1. Do we have any residue at all in the range 78-95 that's farther than 21 Å from PHE59 by Cβ and out of contact with any helix residue (DSSP H, G or I) (no Cβ under 8 Å at 6 or more places or on another chain)?
2. Would you tally the residues in the range 65-115 being β-branched (Val, Ile, Thr) and either within 16 Å of ASP5 (Cβ to Cβ) or at pLDDT below 85 (or both)?
3. Looking at (1) over 22 Å from SER4 (Cα atoms); (2) buried (at least 17 other Cβ atoms within 10 Å of the Cβ); (3) modelled with pLDDT under 80, find the lone condition where PHE59 falls short.
4. Under the condition of being polar (S, T, N, Q) and in a strand (DSSP E or B), which residue from the range 1-41 is nearest to GLN141 (Cα to Cα)?
5. Considering the range 66-110 alone, what residues qualify as being surrounded by fewer than 15 Cβ atoms within 10 Å (Cβ to Cβ), β-branched (Val, Ile, Thr) and under 21 Å from ASP134 (Cβ atoms)?
6. If a residue has to be part of a helix (DSSP H, G or I) and either touching a Lys or Arg at 6+ places or on another chain (Cβ under 7 Å) or surrounded by 14 or more Cβ atoms within 10 Å (Cβ to Cβ) (or both) to count, how many in the range 111-126 make the cut?
Amino acid sequence: MQMSDTRQIAATPAQVYAALLDPEMLKACVPGATEVAGSPEEGFVATVVQKVGPVKATFKGEVTISDLVPDTSLKIDGAGKGGAAGFAKGGADVRLAAVDGGCELSYDVEAKVGGKLAQLGSRIIDGFAKKMADQFFNNLQSALEGPADAVEDEAAQTEEPAKKGWFGRTKS
């Protein structure tokens, strides 16, 4: 399974790069992560609890980071075993570029699964992998930018909500 995406993050490439190498930030951003320890030089060990379709498992794995080009790019490779549920392994090429208003983060991911997970079918696995990647990058973006739409939410609370539907129009 392969996927690619691009995101705009309101932070400098240096801030995004540093966040991707910080075990505490990774623990906060990886959905289901209960433990992340290590360093970029020696690699990370992680424990992640996830439910994929009807299969719930605790994955223990290792993540290595290579091809580091400070504030520009890095390659992440990982593999985890979930006991009877099977295994997952994959990698991501992450690229960072300075743009107006922050950083453009682009990634290409390739992942493989085996065991009971592979029996779920590619549609479930592909959907789950996309959801995990989206959640990770949403969490990373929120951690770097602060809560999303906080200013807009505050402004929306001071305005009277628009009336919706035909019933709202009849009360005017």
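The values are calculated or read from the model by the stated rules, or taken from the named source; none is laboratory data. Small disclaimer: the values here were computed from a predicted structure and weren't measured. Note that we place each Cβ from the backbone using ideal geometry, even for glycine, and neighbour counts take in every protein chain shown.
1. Yes.
2. Qualifying residue count for the region: 5.
3. Among (1) over 22 Å from SER4 (Cα atoms); (2) buried (at least 17 other Cβ atoms within 10 Å of the Cβ); (3) modelled with pLDDT under 80, PHE59 violates only (3).
4. So in the range 1-41, the residues polar (S, T, N, Q) come out as 2, 4, 6, 8, 12, 15, 34, 39.
Right, trim to in a strand (DSSP E or B) and you get 2, 4, 6, 8, 34, 39.
Working: GLN2: 22, SER4: 17, THR6: 12, GLN8: 9, THR34: 20, SER39: 21 Å.
It comes out as GLN8.
5. VAL99
6. Of the residues in the range 111-126, 6 are part of a helix (DSSP H, G or I) and either touching a Lys or Arg at 6+ places or on another chain (Cβ under 7 Å) or surrounded by 14 or more Cβ atoms within 10 Å (Cβ to Cβ) (or both).
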